[in-house]
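K.L.:
If you scroll down you'll find the structure; I have some questions about it.
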Amino acid sequence: MAGVCSKEQMLLIFHKLESDFFHRLVHDLAQDPTNMRWVMAFWLWLESEGHHDFIRRAYALPGPVVLRFVEEAVVCLRCLAGEVSDSAADGDSRVRTLPCTNALLATHIDDVGYFVSAATRS
């Protein structure tokens, strides 16, 4: 029965891309592992919200572009954690409007303020 995989093996195969991307972020792009767990979770959440293949498409991009995606994800996560107010959500308008992230989303997020209001709804 060489063709039969256990549930654990199937799960590992299913999440291989995420695992490879995490390794790339931490080892190749020298990012903090703890922060990258949160970033990967955020990107998985985006996929669960209908933005299919976000991780696969981001993974295919060059390192400097991936780091821009990371920067935008961190700003969104900071908003969700309540660390950034809506008016102060990193005054950098380039990051506030999520240009990289929106390029891969099915429906654009107008502003990181979306995540500030999402955090206050919880």
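K.L.:
Using only the alpha-carbon atoms, what does segment 1-81 span along each of its principal axes? Please give whole angstrom values in decreasing order.
P.N.:
Between the extreme Cα coordinates on each principal axis of segment 1-81 lie 48, 28, 22 Å.
K.L.:
Which FRET efficiency value, to the nearest 0.05, is calculated for His27 and Thr107 with the Förster distance at 41 angstrom and r the Cβ-Cβ distance?
P.N.:
So the FRET efficiency works out to roughly 0.80.
K.L.:
Exposure proxy check: Ile109, Ile13, Ile55 ranked by fewest other beta carbons within 10 Å?
P.N.:
Ile13, Ile109, Ile55
Throughout, read-outs are computed from the coordinates displayed, never taken from laboratory work. A quick note: this is a predicted structure, and the numbers were derived from the prediction, not measured. Here Cβ is always computed from backbone atoms with ideal geometry, including for glycine, and neighbour counts include all displayed protein chains.
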